[in-house]
Amino acid sequence: MVKGKEAAWSVVGLAAVVVAGWLLLRELHGLTLADIAAAFAAVPPTRWLLALASTAFAYFALANYDRVALEHLGRRLPFRCVALVSFTSYALGHNLGAPMLTGGFARYRAYSPKGVSAAEVGVVVAFTSLTFTLGALLTGGLVLLARPEIARRWYDGPPWLATLLAAGLLLGPWLYIGGSLLHLPPLKRGGFSLIYPRPPIAAQQMLVAPLEILGAAGIVYFALPDAVNPGYLDVLGAFVAAFSASLASHAPGGLGVLELTFLNAAPQIPTAPALAALLAFRLLYLIVPFAISVVVVAIYEKRRLAQLRRAR
């Protein structure tokens, strides 16, 4: 059953890449590599350093996703261990697609020797996914309250609809916090079950998830030249929509989906610098961490194999 679901999500992800890639090629008609290179050159070195710092900040926040999930289970592991496992799991999951499956397998390989059961790893995976969802809703809702014109780029309608959409996005996190404070019983719908955590855990979820999104959006913001940079809030609003869509698509690395959604959510940014900034995001947030994670996994598996041989 699991293999069938994994295959289905792989098909969905590949289909998303094909469709988004075709639509993206239409958006990039007439764009040259020289245009993108010029956009890269227009960003000063100090801003590249800030983009790198934003990457580190985002992955630090991601490590706290796992830490909070383990704390929810009553498990306390050294933060250095949790940070390394989280970094590797997210780097693999973001790039290979179907992050709940790929990231879950990586977590199981690393956490099981620490006494964390397979069922508990499943809870960690679900809990971290919920944390991101809550953070995306919270961040997106607050951005829309501050910049309602972002929503109006997607529809022609009265301004109050943007405020209504923002309220709808914020409703989920507030209901979640309310359920935690009131110690409500688990919310069950079919095979889905939501267990409200203790209030301190829920509060930490509401803190670390927006911080990770703020850091990741900062990479794109700092990689945009000043002349065409619309400001952090506009970049953040477009990024939340694009990053959420890329994860929901299950496409490996959100390939094509991220770029297409961002370009449509931020039409005031010229295509060449926007694409260059997204390439910088891919390099710093996806490709470099993926390369590092492959080395980390290889070293870890080699050590485990050596331990098994010594045990025999």
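Rule-based calculations on the coordinates, nothing more; no lab input. These figures come from a predicted structure and were not determined experimentally. FYI the Cβ positions are ideal-geometry reconstructions off the backbone, even for glycines, and counts take in every protein chain you see.
Observations on the structure shown:
- Scanning segment 162-187 for residues that are among the aliphatic types (A, V, I, L, M) and within 19 Å of A136 (Cα to Cα) gives A162, L164, L165, A166, A167, L169, L170, L171, L175, I177.
- Whichever residue in segment 179-210 is assigned to a helix (DSSP H, G or I) and of a type in the set (V, I, T) and, among such residues, is surrounded by the fewest Cβ atoms within 10 Å (Cβ to Cβ): I201
- Being crowded, with 20+ Cβ neighbours inside 10 Å and not polar (S, T, N, Q) is a property that R107 has.
- Looking across segment 188-216, just one residue is closer than 30 Å to L283 by Cβ and without any contact (Cβ under 8 Å) to a residue 40 or more places away in the chain, and that is L207.
- Pick from segment 112-132, criterion touching a residue at least 40 places away in the same chain (Cβ under 8 Å) and hydroxyl-bearing (S, T, Y), ranking: farthest from I177 (Cα to Cα): T128
- Test for G157: is it outside any helix (DSSP H, G or I) and under 30 Å from G237 (Cβ atoms): yes
- The set of residues in segment 35-75 that are among the basic types (K, R) and farther than 20 Å from F105 by Cα contains only R47.
- Pick from segment 264-306, criterion among the polar types (S, T, N, Q) and part of a helix (DSSP H, G or I), ranking: farthest from G218 (Cα to Cα): S293
Okay, residues lined up against (1) surrounded by fewer than 20 Cβ atoms within 10 Å (Cβ to Cβ); (2) within 21 Å of L77 (Cα to Cα):
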| site | (1), (2) |
| --- | --- |
| G115 | yes, yes |
| G122 | yes, yes |
| L138 | no, no |
| R153 | yes, no |
| I177 | yes, no |
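- Sub-9 Å Cβ pairs linking a first residue in segment 64-80 that is farther than 16 Å from Y90 by Cα and free of Cβ contacts under 8 Å to residues at least 12 places away in the same chain to a second residue that is of a type in the set (F, W, Y) and part of a helix (DSSP H, G or I), at least 6 apart or interchain, number zero.
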